[in-house]
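What follows is a short report on a single structure.
Since every read-out is calculated from the coordinates, none of them should be taken as a lab result. Here the structure is a predicted model, which means the values were calculated and not measured. Cβ placement follows ideal geometry from the backbone for every residue including glycine, while neighbour counts extend to all protein chains displayed.
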Amino acid sequence: MAIIVDEKNRVIVQGITGREGAFHTKKMLDYGTKIVAGVTPGKGGTEIYGIPVFNTVKEAVKRTRADTTIIFVPPTAGADAVMEAIDAGIKTIVCITDGIPLHDELKICRAAKNSNVNLIGPNTPGVISPGKVLVGIMPPHIFIEGNVGIISRSGSLMYQIAYELTKRKIGQSTAVGVGGDRVIGFSIVKALQEFEKDHHAECVVLIGEIGGSEENRACEFIKEMSKPVVAYIAGITAPPEKRMGHAGAIVERGVETAESKIKDLRLCGAIVCQTLMEVAEKVEKILKR
Amino acid sequence: MRLQEYQAKQIFRQFGIKVPKGRIARSLDEVKNIVEELGGKVVLKAQVLVGGRGKAGGVIKAYSIEEALDNAKKLFGRIIKGHIVKKIYVEEMLDIEKELYVGFTYDSTNYCIDMIVGSIGGIDIEEIAVKHPDKIAVKHLDPNNDLWDYIVREVLYEAQIPKEYFNEVFSVVKKLYQVFKSYDAELCEINPLAITKDGNIYAVDARLNIDDDALYRHKDIMELKDFTQMNILERIAEQEHLKYVKIEGNIGIIAAGAGMGMATADLIYLYNGQPANFLDIGGSTPEVVEKSFRLLLQDKDVKVIFVNVLGGLTRCDWIANGIINAIEKLNITLPIVIRLAGTNENEGKTLIKEYITKTSKNNIILVETMEEGAKKAIELSSDNYGHHC
């Protein structure tokens, strides 16, 4: 089992003819992801890697029965692409686009919620279920199939922990990037709930960071979980009111510090580590028990 | 991007919100002229982008020109929470009857715009919420919907806004919402919103934070960017489009990815070293690597540079080439600790190893893990190895 997406999902790529879109479409195809169509306004009727390109998402859905999309469009067009996908009846949206304005993110996340659509991101590396499916931009060779679920706000730290686990021959069931922005669709809580239900996930790694209150809000649910959660929070050295790369990684209201998140996570029974190497070591111990 | 009070007030005024008369002064002469113009009774407000400015002594009342000049003299050049006062906003002093609060912000949990109204103002909203919960009302607004009049009325009644000012406050709230929406604000706040003895309503203070990701559609705001409020290195980084934040320390960091940048700084700190910065070169080109080295070399505190890359999209061989180019071009003699992993890891490491062998440069150290790299960088930051002047 995998969470969010599996081999059965019929995926379209919005922005398939762009540089990033085309590059990652090839990678996903090589991994075995069922990509059924691409969408680029004005390029309808053409093909890329033998995949038909349509002008609109509606047309792509009608012709190919797609249920999932991955979005590679510039930030100025990102929100529009999400709205188009929701309107066309797509049920799972992975929005790679980084830099979508905050007000637009509020609108698309609200619209997705109202329509019961899973919106992963924005500003996410996507989702991978090793050995099964890749709907994302992560380097698949650092992931192997196994029993650890990964949730990460940061792409690079997801890769780092996957690398550490894989080095120890510990595989992953699914790794999901929830996104580095202030407003995200698919929350950490939702990801934890999915992993709790997933038979293949024996334990969950949670990689959080400063800013927002996603991690703090996950605590109530972690308390109820049967599976161990091993966590790491980045940004203990981040000065207040400075944006640390991600739009969401900024301490503005005091409660968003690494310390507050670490404290809350410890209180709810999560195992909080100081380094990513320690996370991998803890997971190794848990799986051996 | 946080606007200075006087800039926010200019925008509020354009939307029909009344603000006290005032002008910006950069010198004592200018202060004198403005005070004369305003009739003697003024408030001097340091234009620094910090919270709690009033408590830190950045707002001073003056009842005469002499007093104003005296206080302005003390205020110019003063450091308030790390920011030097270069500009003073000189504003007419109002006869205030009552202070209120109105503000809009976003709610990332519920995907809402939060409208907040208080029948008490002039103190931090957090403090009002704790001390006078009955005097404050919060409403979650659907970002895809309009702000209907009835919603504003409901909130005003709930916040116990007195009947005498009800219509004026109503009108300010509606206008402020327009500012919030039109300018892609993260936060837009009037605290206090003052009712004067003669029955007028003024935005006495003004806060407007605008979403950096939306600046492309607000060219007028982009021009207001105040680089003087930034650290010199951060200013250079901004112009070079590098994601850089200065931290007080001596170990320069170049990392691929925002999370990796933070985690690297944290790791150094954890091992009792001092990170000098955060710098994310995620998905970068050799030019970005070179620019990054160039920037860190300008930081006189930096004693060693730690490059930490786990290549995803970023290929380790590109980064290796970027590092070698930078060392050659910038003639770097500082110790450089390099950790390369992920995509094309072996190719990248081989390039670095060959370069070390070829040039016999002993200031370049290739490590296997980020933990090892952090420890090595700390070791090199504390002795005089390869120190340059």
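If the Kirkwood radius is taken over C-alpha pairs of the range A:138-288, then at 25 °C and 0.890 mPa s the Stokes-Einstein diffusion coefficient equals 162 µm²/s. Taking chymotrypsin sites (Phe, Trp or Tyr not before Pro) across the range A:77-171, none is in a DSSP loop with at most 12 further Cβ atoms lying within 10 angstrom of its Cβ. Solvent-free Debye calculation, one equal scatterer per alpha-carbon of chain B: log10 I(q)/I(0) at 0.08, 0.09, 0.10, 0.14 Å⁻¹ equals -0.58, -0.69, -0.80, -1.09.
Extension gain for B:Ser382-B:Asn167 works out to 70.9 nm (0.36 nm per residue, less the C-alpha to C-alpha distance). Every pair of different Cα atoms in the protein assembly as shown enters the Kirkwood calculation, which places the hydrodynamic radius at 26.9 Å. Both radii are taken from the alpha-carbon atoms of the range A:121-170; with Rh as the Kirkwood radius, Rg/Rh is 0.92.
Within chain A, DSSP assigns beta bridges of which about 20% are antiparallel (rounded to the nearest 5). Rounded to the nearest Hz, the phi-derived 3J(HN,Hα) couplings of the range B:147-162 under the Karplus curve 6.51 cos²θ - 1.76 cosθ + 1.60 (θ = phi - 60°) are 8, 6, 4, 4, 5, 5, 4, 4, 5, 5, 5, 4, 7, 6, 5, x, where x marks glycine and proline.
Loop-located trypsin sites (Lys or Arg not before Pro) in the range B:288-375 (DSSP state other than H, G, I, E, B) with a sparse environment of at most 10 neighbouring Cβ atoms within 10 Å: B:Lys300.
When the alpha-carbon atoms of the range A:245-289 are used, the pair Rg, Dmax equals 13.6, 41 angstrom.
Per residue, the convex hull around the alpha carbon atoms of chain A comes to 115 Å³.
B:Ile34 sits among other residues whose Cβ lies under 13 Å from its own Cβ, and their net charge, with Lys and Arg +1 and Asp and Glu -1, is +1. Against the longest alpha carbon principal axis of chain B, how many degrees, from 0 to 90 and to the nearest 10, is the axis of helix B:258-270 turned? So the inclination is approximately 80 degrees. Applied to the range A:11-27, the Karplus parametrisation 6.51 cos²θ - 1.76 cosθ + 1.60 on θ = phi - 60° returns per-residue 3J(HN,Hα) values of 9, 10, 10, 8, x, 5, 8, x, 4, 5, x, 5, 4, 7, 4, 4, 4 Hz, with x for Gly and Pro. Here the spin labels are modelled as points 7 Å beyond Cα on the Cα-Cβ line, and at B:Glu354 and B:Asp146 they lie 6.8 nm apart.
Counting only alpha carbon atoms, the long axis of helix B:286-297 and the longest principal axis of chain B meet at about 80°. The label-point distance for B:Tyr271 and B:Glu37, in a model that sets each label 7 Å from Cα toward Cβ, rounds to 5.8 nm.
Ranked for footprinting exposure by Cβ neighbours inside 10 Å, fewest first, B:Tyr6, B:Tyr106 give B:Tyr6, B:Tyr106. Per-residue packing, averaged as other Cβ atoms within 10 Å, sorts the ranges A:169-180, A:24-35 into the order A:169-180, A:24-35, beginning with the highest. Pairs spanning more than 18 Å between alpha-carbon atoms, out of A:Lys242/B:Lys246; B:Lys21/B:Lys41; B:Lys18/B:Lys174; A:Lys58/A:Lys190; A:Lys62/A:Lys113: A:Lys58/A:Lys190; A:Lys62/A:Lys113. Residues whose amide H falls under 5 Å from that of A:Ile236, counting only those 5 or more places apart or on a different chain, are absent, with hydrogens built in the peptide plane.
With all projection directions averaged, the alpha carbon convex hull of the range B:230-381 covers 7.6 nm². Think of it this way: in chain A, A:Cys95, A:Cys109, A:Cys203, A:Cys273 stand alone, with no other Cys Cβ under 4.7 Å. With each label modelled as a point 7 angstrom along the Cα→C-beta vector, the A:Arg65-B:Asn331 pair spans 6.9 nm. 3J(HN,Hα) couplings calculated from phi for the range A:262-273 with the Karplus curve 6.51 cos²θ - 1.76 cosθ + 1.60 (θ = phi - 60°) are, in sequence order, 4, 4, 4, 5, 4, 4, 8, x, 6, 8, 9, 10 Hz; Gly and Pro show x. Taking a straight line from the alpha carbon of B:Lys81, these aspartates and glutamates sit under 15 Å away, with near neighbours fewer than eight places off in the same chain left out: A:Glu241.
If you wrap the tightest convex hull around every Cα atom of the range A:53-179 and split its volume per residue, you get 105 Å³.
From largest to smallest, the equivalent ellipsoid semi-axes obtained for the range B:1-118 from the alpha-carbon gyration tensor read 28, 17, 13 Å.
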